[in-house]
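Below is one structure, written out as structure tokens; the observations come after it.
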Amino acid sequence: MITLIIVKISKFIVILAFLILTMELVTHAKFGLAKSQITVEGYWKSIGPDGGDMHFMYVTRNQILFASHGFGGLWRSTDLGENWELIYNPEWIDLNFLSMAEADGVLFGGGNHGIWKSKDDGVTWTRVITGDDYLDSSPSKYEVVSIVALSENHLFFSVVINKEALFKGFKVVRHGFYEYRDGKLKFCELPGGGL
């Protein structure tokens with residue numbers, strides 16, 4: 001019920017934003033008003049890490065940066081990007097994080113190898129065993145694309161089918177999200193087969 005309300009509110013906000021933008025454009029066109037211009041000054045500076053296209057960035061409440069790229073791996077910076085270290089984990093062959101969250105001093109990372117957690121600001125990571133073979137395999141059949149951490153033992157997350165698994169014929173589509181609480185996994189189906 002709460003999920004349905006959130007979805008309806010989200011759709012309302014998108015529609016409202018579209019209407020406001022449309023009204024602004026019509027007003028400018030009808031009355032010949034000049035559109036305001038925005039000037040952005042400054043420059044972009046590459047701060048690393050080297051190693052491929054970065055697919056994901058995350059900043060913790062302790063100002064630790066994490067980056068994950070297309071060639072696999074997770075990079076960590078404790079000095080706001082001046083220096084980067086690749087986190088070594090023998091289970092992380094071609095790992096890509098696509099989402100992170102934190103709660104109670106614990107970091108959670110999700111991607112093409114399921115969900116992982118760290119209790120030491122991302123220095124070391126251990127796999128969260130959900131009990132679902134599609135999520136716990138490496139690489140997993142699903143990619144974790146969003147995580148909401150309420151506590152160390154209570155997460156919500158959503159997934160999409162891993163492209164590699166899809167190319168190999170895996171087609172178990174799920175419309176909804178997961179709740180992982182106190183070691184138990186529950187799938188919450190969205191009404192109507194998705195949005």
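The values are calculated or read from the model by the stated rules, or taken from the named source; none is laboratory data. These figures come from a predicted structure and were not determined experimentally. Here the Cβ is made from the backbone with ideal geometry for all residues, glycine too, and neighbour counts use every protein chain on show.
Okay, here's what the table says:
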| quantity | calculated |
| --- | --- |
| Matching entry among Thr126, Thr130 (being closer than 28 Å to Phe71 by Cβ, hydroxyl-bearing (Ser, Thr, Tyr) and exposed (fewer than 13 other Cβ atoms within 10 Å of the Cβ)) | Thr126 |
| The range 146-161 residues that are among the hydroxyl-bearing types (Ser, Thr, Tyr), paired with ones that are surrounded by fewer than 20 Cβ atoms within 10 Å (Cβ to Cβ) and not in a strand (DSSP E or B) (beta carbon under 8 Å, 6 or more apart) | Ser151/Asp104 |
| Glu143 vs. criteria surrounded by 14 or more Cβ atoms within 10 Å (Cβ to Cβ), among the charged types (D, E, K, R), under 19 Å from the mean Cα position of the chain (by Cα) and modelled with pLDDT under 95 | yes |
| Single condition Gly111 does not satisfy, out of (1) modelled with pLDDT of 95 or more; (2) under 16 Å from Ala67 (Cβ atoms) | (1) |
| Extreme residue, farthest from the chain's Cα centre (by Cα), among residues of the range 97-128 that are polar (S, T, N, Q) and within 15 Å of Val145 (Cβ to Cβ) | Asn112 |
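Results for (1) touching a helix residue (DSSP H, G or I) at 6+ places or on another chain (Cβ under 7 Å); (2) surrounded by 15 or more Cβ atoms within 10 Å (Cβ to Cβ); (3) in contact (Cβ under 8 Å) with a residue 40 or more places away in the chain; (4) not basic (Lys, Arg), shown as yes or no for each residue.
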| site | (1), (2), (3), (4) |
| --- | --- |
| Asn89 | no, yes, no, yes |
| Asp104 | no, no, yes, yes |
| Ser118 | no, yes, no, yes |
| Ser137 | no, no, no, yes |
